[in-house]
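Participant: I'd like to ask some things about the structure below.
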Amino acid sequence: MKFFIDTANLEEIRSAAELGVLDGVTTNPSLIAKIVGDPSNFTYNDFKRHIARICEIVDGPVSAEVTSLGAEEMIAEGEDLAALHENVVVKCPLTLDGLKAIRHFSSKGIRTNATLVFSPNQALLAAKAGADFVSPFVGRLDDISTDGMALVEQIVTMYDNYGFMTEVIVASVRHPQHVVASALMGADIATIPYAVIKQLVTHPLTDAGLRKFMEDASVMKK
Ligand code: G3P
């Protein structure tokens, strides 16, 4: 199972990379907006430079999302982003135009991540269009009283039934249980916010045990 970090924050990406368990990065326009100080000074070129910086930190897939709605515009934007670095994966929304763009990128050997996926049929279409990754948003489904992880289970089963090579990225992860459930279901990847990555590491019994070990070790002379 691969771990991606779901952030555009370079410090968080560096910190997660230092742990030695990071396989890739996902970003989206909302995550980019969080790291922009003054939006009036942040240009498309700044965005591209930021994605290139992420690629220097992590040697794995880095999803950069298109911000157009029409297929032609998505294609132009995605080709531009893909030219930044070999690890850039073009993230396209699962819409009619997004599907057309994914099919185009697939025929050109440009990797894609179908995003904003909330139903099994959307995931099926992403795979048929040749998406390399599909991103079901589990937390946002949970937010509307729908079982987000049940969607992941359906997608994993459907892809296994037909041998689709599209990798499932569990996205919109909100807590450690989403990660455990992803692993039990055999999802390929979980893209995890930095705060949740830290939660995966910690356990109160580890902390209590360590405190006691340190206390007992202090009887020894250095
Ligand atoms: O990468 C996109 C996805 O993970 C968004 O998460 O928390 O905004 O629903 P969230």
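Participant: Do we find a residue being within 22 Å of SER106 (Cα to Cα) and either part of a strand (DSSP E or B) or not polar (S, T, N, Q) (or both) anywhere in the range 176-184?
Facilitator: The answer is no, given that none of the residues of the range 176-184 is within 22 Å of SER106 (Cα to Cα) and either part of a strand (DSSP E or B) or not polar (S, T, N, Q) (or both).
Participant: Something else: Counting only residues that are among the aromatic types (Phe, Trp, Tyr) and within 14 Å of the ligand (Cβ to nearest atom), which one in the range 1-43 is nearest to LEU116 (Cα to Cα)?
Facilitator: PHE4
Participant: With the condition kept exactly as written, say whether any residue in the range 194-210 is over 15 Å from VAL117 (Cα atoms), touching a residue at least 40 places away in the same chain (Cβ under 8 Å) and within 15 Å of the ligand (Cβ to nearest atom).
Facilitator: Checked the range 194-210: at least one residue is over 15 Å from VAL117 (Cα atoms), touching a residue at least 40 places away in the same chain (Cβ under 8 Å) and within 15 Å of the ligand (Cβ to nearest atom).
Participant: Tell me which of these HIS178 doesn't satisfy, since it passes every other one: (1) surrounded by 15 or more Cβ atoms within 10 Å (Cβ to Cβ); (2) farther than 24 Å from GLY60 by Cβ.
Facilitator: Among (1) surrounded by 15 or more Cβ atoms within 10 Å (Cβ to Cβ); (2) farther than 24 Å from GLY60 by Cβ, HIS178 violates only (2).
Participant: Same structure, new question: Looking at this structure, is LYS48 surrounded by fewer than 13 Cβ atoms within 10 Å (Cβ to Cβ) and in contact (Cβ under 8 Å) with a residue 12 or more places away in the chain?
Facilitator: For LYS48, the condition - surrounded by fewer than 13 Cβ atoms within 10 Å (Cβ to Cβ) and in contact (Cβ under 8 Å) with a residue 12 or more places away in the chain - is not met.
Participant: Something else about it: Go through the range 134-176 and give me each residue that's within 13 Å of the ligand (Cβ to nearest atom), charged (D, E, K, R) and within 21 Å of THR112 (Cβ to Cβ).
Facilitator: Result: ARG140, single match.
Participant: Now for a different question. Please indicate, with yes or no, whether at least one residue in the range 117-127 is among the aromatic types (Phe, Trp, Tyr) and within 12 Å of the ligand (Cβ to nearest atom).
Facilitator: Yes, there is a match, as at least one residue in the range 117-127 is among the aromatic types (Phe, Trp, Tyr) and within 12 Å of the ligand (Cβ to nearest atom).
Bear in mind these aren't lab numbers, they're just calculated from the coordinates by the rules spelled out. Owing to the predicted nature of the structure, the values given are computational and were not obtained by experimental measurement. Here the Cβ is made from the backbone with ideal geometry for all residues, glycine too, and neighbour counts use every protein chain on show.
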